[in-house]
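Contents: one structure, followed by commentary.
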Amino acid sequence: MLFDNHTHTKHSADSDMRPDFAIMEAADKGIGLVFTEHYDPDFPGDTDFTFDKAAYFKEYEPLRSSRLRLGVELGMREDTVDKVQAFAKDEPFDLTIGSLHVLDGKDIYDEDFYEDKEKQELYAHYLEEMERMIRLHPFIDVLGHIDYICRHAPYSNPDMTYGDFAREIDAVLRAVIETDTTLELSTKRFGSRQARKELFTIYKRFYDLGGRYVTLGSDAHTQDAIGAYFVDAEDMAREAGLSVVTFREHRMQISWYA
Ligand SMILES: [Zn+2]
Ligand SMILES: [Zn+2]
């Protein structure tokens, strides 16, 4: 079965989604679901991107089924690596996503972050840092949204073109492959035809370097976004030669082979 491997519910600071509504929505769309709440401790700013693990499992464990798995989205930072590893360890999570939301101690979501920053230099730095974080967090199952910075960057063309960052993107993809991590295909920006085109080049390159598996993830924070653009994402994966997978108890399960 196809899974949406990246979704947030009310245990994430930036989502109010009810788990029962999310499960209903996924069933309507004929897909399975993985809840991946934020665990990004010591986050810059006022929002607490952590959650109470005991309360979470008490409430969600009974909902677990062949169509619902429980995961977590871990922030990848040098200063919190021990905390996030300890949080994810020895707990019955099915899947851990590693994500870069913070760069140089600043929130990438924040508009001020981009002030006085030039795109070429900033994106190259973001990718170099991502490579370093993947190698520092070899315990994660999946690298989340490689194009996260493009969501928020205020540039007239926020897209990450492979040719402009070939060396840095290759380094990220090699780190993913060498640490036995799976690459997420995030559909969050699939509303943009240009974004899809640029992403396809990156996923094709991933295949050329030896990558074979992707998870599909909508990064839904609301019910309507669950499974968004999955038909297009499946087409992209197939064209790139990549098989679509999910995880159960940190073990890869194939949804379909390319
Ligand atoms: Zn994220
Ligand atoms: Zn997320």
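Bridging of Lys197 to lysines at a Cα separation below 26 Å is possible for Lys29, Lys117, Lys119, Lys188, once same-chain residues fewer than 8 apart are set aside. Each Cα pair under 8 Å and six or more residues apart adds its sequence gap; the mean of these over the residue count of segment 36-87 is a relative contact order of 49 percent. The largest accessible area among Asp16, Asp219 belongs to the first residue in Asp16, Asp219, and the rest follow in falling order (1.4 Å probe, all chains).
Averaging the Cα positions of each part gives two centres, and for segment 151-208 and segment 26-88 these lie 24 Å apart.
For the pair Asp110 and Glu78 in one chain, pulling the backbone fully straight at 0.36 nm per residue adds 9.5 nm over the alpha carbon distance. Note on Ser192/Met1: beta-carbon distance plugged into 1/(1 + (r/R0)^6) with R0 of 35 Å gives a FRET efficiency of 0.80.
Ranked highest first by the average count of other Cβ atoms within 10 Å around their residues, in what order do 125-135, 222-232 fall? Walk me through the intermediate numbers first.
Numbers: 125-135: 19.3, 222-232: 17.1.
Descending mean neighbour count gives 125-135, 222-232.
Taking amide H positions as placed in the peptide plane 1.01 Å from N, state which residues far from Gln253 in sequence (5 or more) or on other chains have amide H under 5 Å from it. It is Thr246, Phe247, Arg248, by chain and number.
How much net charge surrounds Thr201 when only other residues with a Cβ under 13 Å from its Cβ are counted (Lys, Arg +1; Asp, Glu -1)?
Details: positive: Arg196, Lys197, Lys204, Arg205; negative: Asp147, Asp159, Asp164, Asp170, Glu198, Asp208, Glu239.
Summing Lys/Arg as +1 and Asp/Glu as -1 gives -3.
The slack in the chain from Glu118 to Glu234, taken as 0.36 nm per residue of separation less the alpha-carbon distance, amounts to 38.4 nm.
Apply the a/c threshold of 1.5 to the C-alpha gyration tensor of segment 82-240 and tell me whether it is rounded, prolate or oblate. Since a/c stays below 1.5, the shape of segment 82-240 is classed as rounded.
Expressed to the nearest 5 percent, the antiparallel share of DSSP beta bridges inside the chain is 25 percent.
A probe of 1.4 angstrom, applied to the heavy atoms of all protein chains, finds Glu249 with accessible area near 100 square angstrom. Centre-to-centre, using Cα atoms only, segment 92-115 and segment 217-236 are separated by 20 Å.
Within segment 75-112, which residues have the backbone N less than 18 Å from the label spot 7 Å out from Asp14 along Cα→beta-carbon, could you tell me? Output list for this probe position: 75-77, 97-112. Spin-label pair His125-Tyr257: with each label point 7 Å from Cα along the Cα-Cβ axis, the two points sit 4.5 nm from one another. Rounded, prolate or oblate, given the Cα gyration tensor of segment 213-258, with a/c below 1.5 counting as rounded? The shape class here is oblate. Approximating the spin labels as points 7 Å out from Cα along Cα→Cβ, the Gln223-to-Ser66 distance works out to 2.6 nm.
The values are calculated or read from the model by the stated rules, or taken from the named source; none is laboratory data. Owing to the predicted nature of the structure, the values given are computational and were not obtained by experimental measurement. As a convention, Cβ positions derive from the backbone with ideal geometry for all residues, glycine included, and neighbour counts pool all protein chains shown. The area values use the complete protein model at the heavy-atom level, side chains included, leaving out ligands, DNA and RNA. Shrake-Rupley method; radii C 1.70, N 1.55, O 1.52, S 1.80 Å.
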